[in-house]
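The values are calculated or read from the model by the stated rules, or taken from the named source; none is laboratory data. The model shown is predicted, which means the values in this text are computed figures rather than measured ones. Ligands, DNA and RNA are stripped out before the accessible areas are found, and what is left, the full protein with its side chains, is counted by its heavy atoms. Shrake-Rupley method; radii C 1.70, N 1.55, O 1.52, S 1.80 Å.
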Amino acid sequence: VLLLHELELLLEHCRPDALEDSELRELVVEKVTQCFSGDKNFRVAQRALLLFKADGVVSLLRHHQALIVPRVVPRLLAAAASHWNTTVLRMIGNALQVLDEMDPGGFEQALGGERCAEARAAVAKLCPPEDTAKLEAEAAARVGAMQAR
């Protein structure tokens with residue numbers, strides 16, 4: 001959990017081109033996705049999924065969407081199918097929704113039609129309408145804050 005916290009702090013302060021190095025990008029993606037894959041400790045999974053709410057991390061994801069989304073979404077979907085904790089499942093749905101809302105066209109292009117439909121179906125299943133409204137409000141606030149910068 002501490003490693004994930006430190007990773008978030010580093011990613012929050014990185015320039016958008018920080019993940020241009022494919023070796024570094026693969027290492028970060030691999031470590032984060034390992035944390036929410038399978039039936040590991042739910043607190044570690046929750047902390048890893050909180051990265052998808054951090055503005056700086058979302059900005060980096062947006063910048064490298066074509067390279068990161070195809071690697072992360074299948075692992076999110078696999079975790080959604082196998083994880084036992086309901087909070088983790090809801091957070092997986094929220095992470096998928098954040099990735100989709102960054103750039104819906106890019107999300108579909110990065111995943112392909114069938115995988116994209118599967119991800120959107122998982123979001124609909126994992127995110128009840130009241131959670132979706134809350135997430136939309138948070139996303140609007142984030143966009144407003146980023147535009148104010």
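Only one of the values [x] 163; [y] 103; [z] 127 was calculated from this structure for volume of the Cα convex hull per residue in Å³; name its label. Answer label, from the structure shown: [y]. Counting only heavy atoms of the protein chains and using a 1.4 Å probe, F42 has close to 60 Å² of accessible surface. Note that region 19-29 has calculated 3J(HN,Hα) couplings of 9, 5, 5, 4, 5, 5, 4, 5, 5, 5, 4 Hz, one per residue in order, obtained from phi through the Karplus relation 6.51 cos²θ - 1.76 cosθ + 1.60 (θ = phi - 60°); glycine and proline are x. Taking a ≥ b ≥ c as the square roots of the eigenvalues of the alpha-carbon gyration tensor, region 1-54 is classed oblate because a/c is 1.5 or more while a/b is no larger than b/c.
Note on the chain: with neighbouring protein chains present and a 1.4 Å probe, carbon and sulfur make up 57 percent of its accessible heavy-atom surface. When the helices of the chain are scored as -39500 (n - 2.57) per DSSP H run of n ≥ 4 and the total is divided over every residue, the value at 222 nm lands at -26000 deg cm²/dmol.
Heavy-atom accessible surface of region 56-120, averaged per residue, reaches 42 Å², computed with a 1.4 Å probe.
The largest accessible area among C35, C14, C116 belongs to the first residue in C14, C35, C116, and the rest follow in falling order (1.4 Å probe, all chains). In order along region 97-110, the Karplus-derived 3J(HN,Hα) couplings, from 6.51 cos²θ - 1.76 cosθ + 1.60 at θ = phi - 60°, round to 5, 4, 4, 5, 6, 4, 6, x, x, x, 4, 5, 5, 5 Hz, and Gly and Pro are given as x.
Ignoring ligands and nucleic acids, what accessible area does D55 show with a 1.4 Å probe (Å², nearest 10)? Its accessible surface works out to 40 Å², give or take rounding.
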